[in-house]
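Contents: one structure, followed by commentary.
The values are calculated or read from the model by the stated rules, or taken from the named source; none is laboratory data. Treat the numbers as computed from the prediction; the structure is a model and nothing was measured. Cβ atoms come from the backbone with ideal geometry, glycine included; neighbour counts cover every protein chain shown.
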C-alpha cells in the first residue's frame, strides 16, 4: 500500500515542515514525497527530519500541479474550509476509499500551502476533497500534522480492509482529457459562456472529477458527449 501513495505538497513555505512531513512519512511507512515549487529543503528541514533524510533526498520537485499528478490515478486533496462548488467528504470516508482501491492504483495525497491552503484551481484537479475533523473552526491543523493524521489512518485501516474491492479508475491524465472534452461540448452548446465559465467549469470538475470513473464509465460518457448530444440536437 505505502509504495503506491504519493504525498504532494503544494508550495510549502517553511523548510521545517518539509522535515516534519518526511519524519511522519517514515514513521508510518511511506516514502514518496513530491513538492511543487517554489519550496526549498534546507538545513532546518534535515534537523527536524530525524532518521528520515533519505525521504528528503529522494523528494521530487515539480513546476506545477499538473506535472506532479499526471502519472497518478486518483488524487485526494485536503482542505480546512468549505468550497462552494466542490463536494467535501470526511477523512474517514476518504481513508476507506483509499484502502479499498485496487493494488495497482497510484494515489496522490495533496496538501496546500501552510498559509493559503489549496487554490480553487488546484482543488478542481482532485478526485476527492476531504477534511480532517477538529473541535474548533480555527485554527486549522499544521501542515505536518494534517499529513500525519492522514497517513496514520491509512496505515491503521490498511490492515482491516482488503485491497481491490473497487475497480481501478482511469488515470488522472485521461480524466483531465475527458473533462476538457465535456467542457468543450458544453461551450459549443452555449451551456458554458463568458458570464458563468468559472462557476460551471468548477462544477463540471466536481461532478466528473469526483465520479471515480473506470474505463467503462469513460467510454459511455465520451459516447454521450461526443456523439449522443450532437445526434440528439441534430435530429
- Tell me, yes or no, whether region 204-226 has at least one residue that is at pLDDT 85 or above and touching a helix residue (DSSP H, G or I) at 6+ places or on another chain (Cβ under 9 Å). yes
- residue 46 versus (1) surrounded by 15 or more Cβ atoms within 10 Å (Cβ to Cβ); (2) in contact with a strand residue (DSSP E or B) (Cβ under 9 Å, 6 or more places away or on another chain): which is the lone unmet condition? (2)
- Query: Does region 103-113 include one or more residues that are surrounded by fewer than 23 Cβ atoms within 10 Å (Cβ to Cβ) and free of Cβ contacts under 8 Å to residues at least 60 places away in the same chain?
  - Reply: no
- Identify all residues within region 192-210 that are surrounded by fewer than 14 Cβ atoms within 10 Å (Cβ to Cβ) and not in a helix (DSSP H, G or I); write none if there are none. 193, 194, 195, 196
- Task: For region 70-83, indicate whether the set of residues that are out of contact with any helix residue (DSSP H, G or I) (no Cβ under 9 Å at 6 or more places or on another chain), farther than 17 Å from residue 143 by Cα and at pLDDT 95 or above is non-empty.
- Result: no
